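Structure record follows, encoded as structure tokens.
The values are calculated or read from the model by the stated rules, or taken from the named source; none is laboratory data. Keep in mind the model is a prediction, meaning the values are calculated, not measured. Every residue, glycine as well, gets a Cβ built from its backbone with ideal geometry; the counts of neighbours run over all protein chains shown. For the accessible areas, the whole protein counts, side chains as well, though only heavy atoms, and no ligand, DNA or RNA atoms are used. Shrake-Rupley method; radii C 1.70, N 1.55, O 1.52, S 1.80 Å.
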Amino acid sequence: MEQNNKQTMPDFELGSLYVFHEEDEDGELTIIGKLIAKNESQDTLTFGNQYEIETEKFVTDQAFDLRISVNKDLREATEDEASLFQEAYTLWKKSKEQPSFKPFGKVLVRNSGFHKWRPAIFVQTRIGDSPYRYNALLLSTGHVGDFTQCIPYEGNEKLAFTVIPF
């Protein structure tokens, strides 16, 4: 009988989006998840990026294992649901991008994790493929230079002259 169940089970494809229901403290949620691993012999699927439709929350930093046999409503996402997921992912990704800096703003800059963060005055962001995107005036030398890493000074003052990662 179990073999018959396996034959009717859909073929889950890695990287595809699936919709399933999950209960938490707020009740039942409908989730769109991106399949990152599967172990059908152990009856589990692992989802990486997930979008909770009811809460409009996008989750990327935690994987979630789902038992296939328990979720009878598990199905492939529709085109509209896939669009909703992509839109939520784009908004999430944009919120995580490097902040835009204003000319003459206080920043900390460096060129690698092995260099110290140095206080500077932001000049401009360079356009193009060069990793040296940020142009800033170093306060310690009075020279303008190009840097690969740039963070706001405010809120990160304690990082000045340290090698601590951001």
Inset, instruction - Could you state the accessible area per residue of the chain in Å², with a 1.4 Å probe and every protein chain left in place? - result: 68
Legend entry - Calculated FRET value between Phe161 and Asp61, using beta carbons and R₀ = 30 Å, to 0.05: 0.50
Legend entry - CD proxy at 222 nm, helix term only [per DSSP H run n ≥ 4: -39500 (n - 2.57); per residue of the chain; nearest 500]: -4500 deg cm²/dmol
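Taking N as the number of residues in the range 70-163, what value does Rg over Cα atoms divided by 2.2 N^0.38 Å take? Walk me through the numbers on the way to the answer.
Numbers: Rg = 19.5 Å, N = 94, 2.2 N^0.38 = 12.4 Å.
Rounded to two decimals, the normalised Rg is 1.58.
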Inset, instruction - Give the residue from Ile127, Val19, Ser83 lying farthest towards the positive end of the charge dipole for the chain; charges sit on Cβ (+1 for Lys and Arg, -1 for Asp and Glu) and the dipole is referred to the Cα centre. - result: Ile127
Inset, instruction - Round to a whole angstrom and tell me the spacing of the C-alpha centers of the range 15-31 and the range 46-115. - result: 15
Inset, instruction - Could you pull out every residue, at least 5 positions away or on a different chain, whose amide H is within less than 5 Å of the one on Ser16? Hs are placed 1.01 Å off N in the peptide plane, and Pro or chain starts have none. - result: Leu35
Inset, instruction - Round to the nearest 10 and give me the degree value, 0 to 90, for the angle of helix 79-96's Cα axis relative to the longest principal axis of the chain. - result: 30
Inset, instruction - Go ahead and run the numbers for FRET between Asp146 and Glu79, Cβ-Cβ distance against an R0 of 45 Å, rounding to 0.05. - result: 0.55
Inset, instruction - Ratio to report: Rg/Rh of the range 55-115, with Cα atoms as the point set and Rh obtained by the Kirkwood method; give two decimals. - result: 1.20
Inset, instruction - Collect residues whose amide H, placed 1.01 Å from N in the peptide plane, falls under 5 Å from the amide H of Gly105; neighbours closer than 5 in sequence don't count. - result: Phe122
Legend entry - Student exercise, the chain dipole from Lys, Arg, Asp, Glu Cβ charges, in Debye to nearest 20: 1700
Legend entry - Which labelled figure in [x] -0.86, -0.98, -1.20; [y] -0.83, -0.88, -0.99; [z] -0.95, -1.07, -1.32 is log10 I(q)/I(0) by the Debye sum over Cα atoms at q = 0.15, 0.16, 0.18 Å⁻¹, once derived from the coordinates: [y]
Legend entry - For the range 27-166, with +1 on Lys and Arg beta carbons and -1 on Asp and Glu, the positive-most of Thr30, Leu108, Gly48 along the dipole: Leu108
